[in-house]
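Heads up, the thing below is written out as structure tokens.
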Amino acid sequence: MTRLNGEAHRAGCIQCNNGECRQQFTVTVKSVMERSKVSLVKWVLAFHLICSSKKGFSALQLQRELGLESYRTAWFMMHRIRHALAEGELTEPTMQGAVEADESYFGGKPRHSNKHKDAPAKRGRGTKKTPVVVFGRT
């Protein structure tokens with residue numbers, strides 16, 4: 001396998017080194033994310049939000065949380081994830097034992113940068129910080 005970078009190749013693709021095959025593919029092939037223009041980061045966040053919610057998650061709520069431009073995209077993502085859960089594609093654990101998930105937000109301005117008390121600095125969701133989700137085995 002060779003990662004393709006450059007002007008002559010599709011960025012982000014991988015090429016098979018087999019002499020006969022030589023096909024190009026992406027990491028999303030044969031997954032629920034195949035043929036989707038939504039970034040992998042938003043897909044992973046969608047998986048996390050849907051699987052960690054106790055009372056379910058609506059497509060409109062997913063659209064708001066991920067900052068998607070259309071409801072149709074959120075609906076499409078929800079249906080693909082629900083189909084994968086129903087088919088059992090996501091139920092086989094890749095990690096054994098208890099798994100912990102945590103989220104954090106990085107970037108932005110320092111917390112106490114506002115010297116005037118008229119507008120407090122935002123924290124967490126709703127800011128322009130980069131969300132990061134981490135999974136680990138205990």
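The values are calculated or read from the model by the stated rules, or taken from the named source; none is laboratory data. Keep in mind that this is a model prediction, so the values were computed, not measured. All Cβ positions, even for glycine, are placed from backbone atoms using ideal geometry, and neighbour counts span all protein chains on display.
Could you give every pair whose Cβ atoms fall below 7 Å, whose first residue belongs to the stretch 36-47 and is farther than 13 Å from Ile81 by Cα and modelled with pLDDT under 90, and whose second residue is buried (at least 19 other Cβ atoms within 10 Å of the Cβ) and of a type outside the set (Phe, Trp, Tyr), counting only separations of at least 6 or pairs across chains?
As it stands, the answer is Val38/Met77; Leu40/Met33, since those pairs meet every condition given.
Let me spell it out: the conditions are (1) at pLDDT 90 or above; (2) surrounded by 11 or more Cβ atoms within 10 Å (Cβ to Cβ); (3) of a type outside the set (A, V, I, L, M, F, W, C); (4) outside any helix (DSSP H, G or I), and Glu69 meets all of them except one. Which number is the exception?
(2)
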